[in-house]
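Have a look at the structure below before the remarks.
The values are calculated or read from the model by the stated rules, or taken from the named source; none is laboratory data. Only a predicted model underlies this, so the values are computations on that prediction, with no experimental measurement involved. Here the Cβ positions follow ideal geometry from the backbone for every residue, glycine too, while neighbour counts run over all protein chains shown.
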Amino acid sequence: MDIKIEALTASQLKTPDFKNLVFGRTFSNRMFTQKWTHDKGWHDATIGAYGPISLDPSTSVLHYAQEIFEGTKAYRRPDGGVNLFRPWENAARFNNSALRMGMATVDIESHVDAIAQLVRLEQDWVPAAEGGASLYIRPTMIATEAALGVHVSDSFLHYIIVGPTGAYFAGGFKPISVLISDQYVRAVRGGVGAAKTGGNYAASLLAGAEAGKLGYGQVLWLDALERRYVEEVGGSNIAFAYGNHIITPELSGSILPGITRKSVLQLAPDIGYTMSEEKIDVYDLLRDIESGEVTEAFGIGTAAVITPIGRFGYAGKDYTVSNGVAGPVSQHLFKALTDIQYGRVADPYGWTMKV
């Protein structure tokens with residue numbers, strides 16, 4: 001794909017400030033954009049100045065939520081270079097989301113190349129690895145037809161923005177508390193739970209806010225049909241350690257197939273653990289937490305990588321895991337995975353791409 005690189009003016013050039021980084025609040029000088037229409041396909045691929053997008057008030061994305069996004073990162077290596085982590089996997093999931101939402105797909109290699117060129121131009125915005133800092137990458141596609149009416153849009157905008165970020169949770173690698181929701185559900189099989197689309201996250205906001213008022217940091221989602229089987233925690237996959245055996249919910253069609261989850265499934269057996277994908281009954285889980293059979297619980301996702309969970313709340317009762325501290329399994333997985341991402345150790349899986 002030929003990408004037009006626009007020169008930036010002095011007023012458009014900012015200097016990165018890596019102090020007090022907060023996830024998702026700071027963005028770099030440039031962004032990638034391209035457009036899709038029936039007659040031209042993808043065209044006008046450009047890397048230009050980061051800035052507002054102008055949309056007609058009738059634009060379909062604003063009314064019918066036809067949009068998708070991805071999340072991946074660039075990491076500063078010890079030699080000063082930059083790694084991307086499994087960008088082809090994210091691009092493939094981007095296309096799977098597009099298909100489910102009735103949108104145009106992208107050429108995977110062109111999509112990855114656009115990310116690489118943008119990160120290369122903005123490499124000064126990739127922070128050093130201290131404190132878990134990285135460059136967050138957010139590819140997005142929105143429906144841009146300016147017309148009301150429930151139908152697939154006839155045009156789309158694909159754009160990519162990047163920005164430096166510190167640890168996703170302000171407290172760093174510390175256990176969070178999680179409320180198990182028995183009132184709200186996030187997604188249902190046959191719906192769009194396996195697509196990375198904004199509606200999945202919009203459905204979680206009220207429950208998350210109510211959990212926060214009760215002193216919990218995230219919500220654990222149960223399946224929508226029986227409200228009994230464990231699915232996701234917040235916007236991440238979840239896993240439970242029974243000693244050296246790790247269990248994660250099997251993909252059901254309403255669970256997002258996480259790239260970090262996929263990586264842990266491959267990595268864990270190579271560093272001393274057994275791992276399985278199973279249907280997890282919440283009542284069995286809570287019984288196993290009380291008995292001490294469940295030794296650790298943790299979220300798995302791009303933003304935080306591994307997030308230890310120290311406490312679950314359900315039906316007015318709290319259940320403590322690992323004495324409320326980060327356990328050895330979550331710490332081991334976090335270090336092993338981030339060592340590969342940041343290039344501190346050799347990558348035996350071919351997951352990283354040097355920019």
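Brief remarks follow.
- Only one of the listed residues (Leu267, Leu337, Leu285, Leu333) is out of contact with any Asp or Glu (no Cβ under 8 Å at 6 or more places or on another chain), over 24 Å from Glu89 (Cβ atoms), in a helix (DSSP H, G or I) and modelled with pLDDT of 95 or more. That residue is Leu285.
- Enumeration of residues in segment 306-342 that are among the aliphatic types (A, V, I, L, M) and either surrounded by 16 or more Cβ atoms within 10 Å (Cβ to Cβ) or touching a Phe, Trp or Tyr at 6+ places or on another chain (Cβ under 9 Å) (or both): Ile306, Ile309, Val321, Ala326, Val329, Leu333, Ala336, Leu337, Ile340
- Residues being part of a loop (DSSP other than H, G, I, E, B) and in contact with a Lys or Arg (Cβ under 7 Å, 6 or more places away or on another chain) - total across segment 9-43: 1
- Ser276 of a type in the set (Gly, Ala, Ser), surrounded by fewer than 19 Cβ atoms within 10 Å (Cβ to Cβ), touching a strand residue (DSSP E or B) at 6+ places or on another chain (Cβ under 8 Å) and under 30 Å from Asp347 (Cα atoms): yes
Residue-wise test of (1) without any contact (Cβ under 8 Å) to a residue 12 or more places away in the chain; (2) crowded, with 16+ Cβ neighbours inside 10 Å; (3) under 25 Å from the mean Cα position of the chain (by Cα).
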position: Ala7; (1), (2), (3): yes, no, no
position: Asp17; (1), (2), (3): yes, no, yes
position: Arg25; (1), (2), (3): no, no, yes
position: Leu55; (1), (2), (3): no, no, no
position: Arg76; (1), (2), (3): no, yes, yes
position: Asn83; (1), (2), (3): no, yes, yes
position: Arg100; (1), (2), (3): no, yes, yes
position: Val106; (1), (2), (3): no, yes, yes
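- Residue ID - nearest to the chain's Cα centre (by Cα), chosen from residues in segment 122-137 that are crowded, with 19+ Cβ neighbours inside 10 Å and in a helix (DSSP H, G or I): Gly132
- Where Ala128 falls short, out of the listed (1) within 30 Å of Gln331 (Cα to Cα); (2) touching a helix residue (DSSP H, G or I) at 6+ places or on another chain (Cβ under 9 Å): (2)
- Leading residue by the ranking (farthest from Gly71 (Cα to Cα)) among those in segment 223-251 that are outside any loop (DSSP other than H, G, I, E, B) and of a type in the set (D, E, K, R): Glu231
- Residue in segment 271-281 that is modelled with pLDDT under 95, of a type in the set (A, V, I, L, M, F, W, C), assigned to a strand (DSSP E or B) and in contact with a helix residue (DSSP H, G or I) (Cβ under 7 Å, 6 or more places away or on another chain) present: no
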